[in-house]
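I have placed the structure first, in the form of C-alpha cells, so that the comments after it can refer back to it.
The values are calculated or read from the model by the stated rules, or taken from the named source; none is laboratory data. Everything numeric in this text was worked out from a predicted model, so none of it was measured. Glycine gets a Cβ as well: all are built from the backbone with ideal geometry, and neighbour counts include every protein chain shown.
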Amino acid sequence: MNKPMTAPINEQTTDFNAWASHMQSRMENVLEANMPLASVSPMRLHEAMRYSTLGSGKRVRALLAYAAGEFCGAELEKVDIPAASVEIIHAFSLVHDDLPCMDDDDLRRGKPTTHKQYGDAMALLVGDALQSLAFQLISQDKLLKSATQKLQMLHLLALASGSRGMAGGQAIDIESIGMLLTRTELEHMHIQKTGALIRAAALLGAYSADVLDTEKVQAIDHFSKAIGLAFQVVDDILDSEADTQTLGKTAGKDKLNNKSTYVTILGLSAAKHLASELHANAIAALSCYGREADLLRHLANFITQRRF
Ligand code: GRG
C-alpha cells in the first residue's frame, strides 16, 4: 500500500491520496449500511440523519482511526464500526453547532445546514439520535469480540464527547463570545472542543487491535494530541483566508461571531508557524517507528496542508 520513505515524495503522496480516497469510500459504505433507512418510520428523522451524515465530509477522523488501526496491527474490518461511530458523533456535533442557538449557520458541507433543511426541532433530534446511534453501533459490533474492548471504546467516546470533551469545549466557546481569550485559554478550549474527538478517533483505531502494544498506543496518544490542535489552528487560518465555496461552509464566521481564534490572538503568520510546530510535534511522536507509521505521517501532512 504505502511505499517506504525512500520512494520519491510524489509517488508516496499519490499512494497516500489513493489510500485516503479508498478509505473515504469505505467509510461512506459503512455509514450507509448502518444508518436507518429513510423509508422506515420515523421517516423524516431518518431522512434528516442520513442528510447530515452521508455523502460528504473529509472523513479525517475515520482516516485517523484506520491509519492508527493499521499502525497497531488491527484488522481493517474491526476498525469500521469504531471509525464510523466517531464520524457519527462528529456529524452530530456539526448539526448542533450550526443551530441558531449556537453558531447559527446556513451552509455545511456545501449544502443547507440540517436545521435550514428540516427545521430546528428536527435538527435537535437528529443530533440526539446520531449520538445514541454511535454508542449503539459499538455496543452491538459483532467483530469486537471482548466486552472489555467495547467498554474501553465506549468509555473513550463518552469522555471525548462529554462535558470534559467536546460539549465542554463548546460551552467554553459559547461563553467566550466577544471576549479576548489568552492563548492558554484558547488552547484549553480547543483541546476539549476539537482535539478530544480527534484523539478518540486515533485511539479507537488503536484499541481495535486484538493485542495492545502500550508503547504504540502512547505514541498514538502524543501524535493525536498534537495533530488535533494543529487541525484547529488550520481551521482558524482557513476561516480567515479561504472562501465560502471552497470551504463548503461560511468563511469568516469566527470574525462575524466575534470569536477569539489563533489568527486573532497570534496573527496569521504566527498561527501558520504554530501549525507547523504542532505538525512537527506530531511527527516527532512517531520517531521510533519506520514504515509502519507512514500513513499517520501522511495524514499529519494532509491535515496541516488541507485547503478546506
Ligand atoms: C457533540 C457531545 C456533543 C455536543 C455538541 C455543538 C457542540 C456540542 C460541539 C461543537 C464541536 C465542533 C463543531 C467543533 C468544531 C470542529 C471542527 C473544526 C469541525 C470541522 O471538521 P471537518 O473540517 O469537517 O473535519 P468535515 O465536514 O470535513 O467532516
Hits in the stretch 129-152 - residues which are more than 16 Å from the ligand (Cβ to nearest atom) and part of a helix (DSSP H, G or I):
SER139, ALA147, THR148, GLN149, LYS150, LEU151, GLN152
Could you list, in sequence order, all residues of the stretch 88-139 that are of a type in the set (S, T, N, Q), closer than 20 Å to ASN257 by Cβ and touching a residue at least 40 places away in the same chain (Cβ under 8 Å)?
SER93, THR114
Just wondering, is there one or more residues in the stretch 95-105 that are buried (at least 24 other Cβ atoms within 10 Å of the Cβ) and out of contact with any Asp or Glu (no Cβ under 8 Å at 6 or more places or on another chain)?
yes
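So for the stretch 254-277 (the condition being in contact with a His (Cβ under 7 Å, 6 or more places away or on another chain) and surrounded by 20 or more Cβ atoms within 10 Å (Cβ to Cβ)), does at least one residue qualify?
Looking only at the stretch 254-277, we keep the residues that are in contact with a His (Cβ under 7 Å, 6 or more places away or on another chain), and these are none.
No, the stretch 254-277 has no match at all.
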Just wondering, is there one or more residues in the stretch 213-226 that are surrounded by 24 or more Cβ atoms within 10 Å (Cβ to Cβ), among the aliphatic types (A, V, I, L, M) and under 15 Å from MET166 (Cβ atoms)?
no
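If you check ALA282 against the conditions, is it away from the ligand (no atom under 13 Å from the Cβ) and within 19 Å of the chain's Cα centre (by Cα)?
For ALA282, the condition - away from the ligand (no atom under 13 Å from the Cβ) and within 19 Å of the chain's Cα centre (by Cα) - is met.
Right, GLU175: out of contact with any strand residue (DSSP E or B) (no Cβ under 8 Å at 6 or more places or on another chain) and within 30 Å of LYS145 (Cα to Cα) or not? Working first, answer last.
Values: out of contact with any strand residue (DSSP E or B) (no Cβ under 8 Å at 6 or more places or on another chain): yes; within 30 Å of LYS145 (Cα to Cα): no.
The answer is no for GLU175.
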What are the pairs with Cβ atoms under 8 angstrom where one residue, in the stretch 235-253, is touching a residue at least 40 places away in the same chain (Cβ under 8 Å) and the other, located anywhere, is more than 13 Å from the ligand (Cβ to nearest atom) and assigned to a helix (DSSP H, G or I)? Sequence gap at least six, or different chains.
THR250/THR244; THR250/LEU256
Going residue by residue through the stretch 78-87, is there one that turns out to be under 15 Å from the mean Cα position of the chain (by Cα), touching a residue at least 12 places away in the same chain (Cβ under 8 Å) and not in a helix (DSSP H, G or I)?
no
Could you grab the pairs with beta carbons closer than 7 Å, sequence gap of 6+ or different chains, first residue in the stretch 45-72 and at negative phi and assigned to a helix (DSSP H, G or I), second one away from the ligand (no atom under 15 Å from the Cβ) and of a type in the set (S, T, N, Q)?
TYR51/GLN117; GLY69/SER208
Among the listed residues LEU186, LEU204, LEU197, identify the single one that is within 16 Å of the ligand (Cβ to nearest atom), in contact with a Pro (Cβ under 8 Å, 6 or more places away or on another chain) and of a type outside the set (Asp, Glu).
LEU204
Restricting the stretch 176-228 to residues that are assigned to a loop (DSSP other than H, G, I, E, B) and of a type in the set (Val, Ile, Thr), the one farthest from LEU286 (Cα to Cα) turns out to be ILE177
Hey, ASP98 farther than 23 Å from TYR207 by Cα, in contact with a strand residue (DSSP E or B) (Cβ under 8 Å, 6 or more places away or on another chain) and within 16 Å of the ligand (Cβ to nearest atom) or not:
yes
Looking across the stretch 1-53 at residues that are farther than 21 Å from GLN117 by Cα and of a type in the set (Ser, Thr, Tyr), the single one that is modelled with the lowest pLDDT is THR6
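Which of the residues that make up the stretch 33-54 are among the small types (Gly, Ala, Ser) and either surrounded by 19 or more Cβ atoms within 10 Å (Cβ to Cβ) or closer than 17 Å to GLY110 by Cα (or both)? Before you say what the answer is, go through the steps one by one.
Taking the stretch 33-54 first, the residues among the small types (Gly, Ala, Ser) are 33, 38-39, 41, 48, 52.
ALA48, SER52 - these are the residues of the stretch 33-54 that are among the small types (Gly, Ala, Ser) and either surrounded by 19 or more Cβ atoms within 10 Å (Cβ to Cβ) or closer than 17 Å to GLY110 by Cα (or both).
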Members of the stretch 116-148 found to be at pLDDT below 95 and surrounded by 14 or more Cβ atoms within 10 Å (Cβ to Cβ), listed by number
LEU144
